[in-house]
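The values are calculated or read from the model by the stated rules, or taken from the named source; none is laboratory data. Keep in mind that what you see is a predicted model, and the values were worked out from it rather than measured. Ideal geometry is used to build each Cβ from the backbone, glycine not excepted, and the neighbour counts take in all protein chains shown. Each accessible area value is taken on the protein alone, full model and side chains, heavy atoms only, with ligands, DNA and RNA left out. Shrake-Rupley method; radii C 1.70, N 1.55, O 1.52, S 1.80 Å.
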Amino acid sequence: MTKLFLILHVLAAILAVGPVAVAASMFPKVLRDALAGPGDAAPVTTLRTLHRICRVYAGAAIAVVVFGFLTASSMGVLGSAWLITSIALTFVAAVILILLVLPRQETALEAVSGAKAGEAHEADGEGTADSATDSAVAVKLDARTSAQLAMFTGVFNLLWATVTVLMIVRPGSTTGG
């Protein structure tokens, strides 16, 4: 059963965490593109897709943890320092994703979508000076959000890379490389 659990754990990590890492990394660049071309709907559509990928696959990543604990339990390594460190880093990565990345993505997406809606109203002659000011505030918020998202996503990805190395090398393990 250990081999089956390990295979499922690795597959879940590749198929669930990988898409989150890539989509979250792409989001800040596409956000900057959306800000640079306020009349273009394509970047907003891409932002929605990237955010959905991050949200859905983050939920699917729970399987990584479940199969990870099953693997570690069947291998008898639950008390190993490398595993405890990996669990702690995984927890920190999850917190960063849930509390820092996903909410900022959602805020940026709402702001860009709101700016697009405000521009449509202005084109129809329904916009006011206040809506133009609101769009400027949203753009200012998004520019800062883009930089923060890039930073938090980088930390998230670095944590996952570290966990991957720990899982492969398993320092101090008698079965490690």
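Some observations on this one:
- Only one of the numbered conditions (1) under 24 Å from residue 6 (Cα atoms); (2) modelled with pLDDT under 70; (3) open to solvent by 50 Å² or more (accessible area, probe 1.4 Å) is violated by residue 126, and that is (1).
- Lone unmet requirement of (1) over 30 Å from residue 2 (Cβ atoms); (2) within 11 Å of the chain's Cα centre (by Cα) for residue 49: (2)
- Filter result (among the β-branched types (Val, Ile, Thr) and touching a Leu at 6+ places or on another chain (Cβ under 6 Å)) within the range 53-84: 71, 77
- Out of 78, 83, one residue alone is assigned to a helix (DSSP H, G or I) and within 17 Å of residue 170 (Cβ to Cβ). It is 83.
- Of all positions in the range 49-66, none carries a residue that is open to solvent by less than 70 Å² (accessible area, probe 1.4 Å), at negative phi, touching a residue at least 60 places away in the same chain (Cβ under 8 Å) and not basic (Lys, Arg).
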